[in-house]
Amino acid sequence: ALNTLSLHDALPIYYNEYHSGAIIRTNPQKKQISLVFSGHQFVDGKRAIRKILKKQKVEASFFLTGDFLRNKRHKKLISRLQKDGHYIGAHSDKYLTYTDPQNPTQLRANKTQFMNDLRANFKALEKKKISKAQAPFFMAPHGLPHDSISRWAHEAGLIMVGNTPGSGSQNDQSIPEMRDGYYSSPEIFNRILEVESRGGLNGHILLFHTGSDKRRTDKFYKRLDPMIRELKKRGYVFTDLYESTGIIEKMPEGKNKKRKH
């Protein structure tokens, strides 16, 4: 069973920005960016992403589904990500659609379905020797926040996060067949830099994916290295969710310890 964390324990730190109960942006006063990758069905970028993050000395967060974690072909990758110091957390067990992607305010799952799915996801994490204390942050499929989902996540002892709107980074999984919904890698890259030039990326949580459908031959992870280099050149530092949110301290062993403010 999941231990309960009271809502008081997860009160918003004053500088984090929230939407529907999920942190969607960290301190806007700091030139910090948090890189987040979600993994479920596709993993063609695993070698490139890990190599680039290691080269750039960036610690990212990987939100993985139970299906991803149980896949024996991903065993070595997960072990290496842990060794490299990256955060690994829950992303639902079966990539359950909690809300309607076209209408994020419309729930598709009830509390019982959500909790059962979440428990199964954590069971898969525990088999990888990742305890709940080591995985306090949770991201829903599609990174879509919802009041009820966030509340249930808090009741389960988790802190919900979502990607910062505007950059379009999450479109790295779009395919040409989506027509108007397809964004090429140059378009995504340029959009990120455009948002930075116009208003900055302070505190942004940029969501990408571990891979994409083979119909997308224009893989964004091939541009991850130049993107990180360019943003570093513009004065940004890449921080993990523990440091950027300031809510809890990273506790590799034992119980979570709340950071004093």
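The values are calculated or read from the model by the stated rules, or taken from the named source; none is laboratory data. Computed from a predicted structure; not experimentally measured. In this analysis, Cβ positions are derived from the backbone assuming ideal geometry, glycine residues included, and neighbour counts consider all displayed protein chains. Ligands, DNA and RNA are stripped out before the accessible areas are found, and what is left, the full protein with its side chains, is counted by its heavy atoms. Shrake-Rupley method; radii C 1.70, N 1.55, O 1.52, S 1.80 Å.
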Starting from the amide H of Gly89, placed 1.01 Å from N in the peptide plane, find each other amide H under 5 Å away whose residue is 5 or more places distant or on another chain.
Phe62, Phe63, Leu64
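With a 1.4 Å probe and all protein chains in place, put Arg234, Arg119, Arg50 in order of accessible area, largest first.
On the way: Arg234 70, Arg119 110, Arg50 50 Å².
The ordering from most to least exposed comes out as Arg119, Arg234, Arg50.
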For segment 88-96, in residue order, the Karplus 3J(HN,Hα) values (coefficients 6.51, -1.76, 1.60; θ = phi - 60°; whole Hz; Gly and Pro = x) are 10, x, 7, 9, 5, 7, 10, 6, 4
For Leu144, the accessible surface traced by a 1.4 Å probe with all protein chains present amounts, in square angstrom to the nearest 10, to 40
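What full-extension length gain, to one decimal in nm, is calculated for Lys72 and Lys94 as 0.36 nm per residue of separation minus the Cα-Cα distance? Can you show the working numbers first?
On the way: separation 22, 0.36 × 22 = 7.92 nm, distance 1.60 nm.
This chain segment gains 6.3 nm when fully extended.
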Net dipole in debye of the chain [+1 Lys, Arg Cβ; -1 Asp, Glu Cβ; about Cα centre; nearest 20]
1280
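Full-extension gain between Arg198 and Glu249, please, as 0.36 nm times their residue separation minus the C-alpha to C-alpha distance. Can you show the working numbers first?
On the way: separation 51, 0.36 × 51 = 18.36 nm, distance 3.27 nm.
In short, 15.1 nm is gained.
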Out of residues 5 or more away from Glu17 or on other chains, whose amide H comes under 5 Å of its own, with H placed 1.01 Å from N in the peptide plane?
Ile24, Arg25, Thr26
Sites Asp44 and Glu126, calculated FRET efficiency, Cβ-Cβ separation with R0 22 Å, nearest 0.05:
0.25
Whole-number D in µm²/s for segment 144-201 (Stokes-Einstein; Kirkwood sum over Cα pairs; 10 °C, 1.306 mPa s):
118
Be a star and scan segment 87-108 for residues whose amide nitrogen sits under 16 Å from the point 7 Å along the Cα-to-Cβ vector of Asp147.
99-100, 104-108
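Using only Cα atoms, figure out Rg for segment 118-261 and give it as a multiple of 2.2 N^0.38 Å.
Details: Rg = 17.3 Å, N = 144, 2.2 N^0.38 = 14.5 Å.
Relative to the rule-of-thumb radius for its length, segment 118-261 sits at 1.19.
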For the pairs Lys54/Lys222; Lys54/Lys232; Lys72/Lys111, flag any whose C-alpha to C-alpha distance is greater than 20 Å.
Lys72/Lys111
Given the rule -39500 (n - 2.57) for each run of at least 4 DSSP H residues, summed and divided by the residues of the chain, what is its mean residue ellipticity at 222 nm, to the nearest 500 deg cm²/dmol?
-9000 deg cm²/dmol
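From the cross-link list Lys76/Lys233; Lys30/Lys214; Lys57/Lys127, which pairs have alpha carbons spaced over 30 Å apart?
Details: Lys76/Lys233 33 Å; Lys30/Lys214 37 Å; Lys57/Lys127 27 Å.
Violating the 30 Å limit, Cα to Cα: Lys76/Lys233; Lys30/Lys214.
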Rounded to whole Hz and in sequence order, give me ³J(HN,Hα) for segment 211-218 from the Karplus expression 6.51 cos²θ - 1.76 cosθ + 1.60, θ = phi - 60°, writing x for Gly and Pro.
x, 8, 3, 4, 5, 9, 8, 8
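Could you tell me what fraction of 2.2 N^0.38 Å the Cα radius of gyration of the chain comes to, as a two-decimal ratio? Walk me through the intermediate numbers first.
Details: Rg = 17.2 Å, N = 261, 2.2 N^0.38 = 18.2 Å.
Dividing the Cα Rg of the chain by 2.2 N^0.38 Å gives 0.94.
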Local electrostatic count, Gly235, Cβ distance below 12 Å [Lys/Arg +1, Asp/Glu -1]
+3
Step through the residues of segment 223-233 one at a time and calculate ³J(HN,Hα) from phi using the Karplus curve (6.51 cos²θ - 1.76 cosθ + 1.60, θ = phi - 60°), rounding each to whole Hz and writing x for Gly and Pro.
9, 4, 4, x, 5, 4, 4, 5, 6, 5, 4
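On a full-extension model of 0.36 nm per residue, what is the gain between Thr105 and Glu187, subtracting their alpha-carbon distance, rounded to one decimal in nm?
Details: separation 82, 0.36 × 82 = 29.52 nm, distance 2.81 nm.
My answer for the length gained is 26.7 nm.
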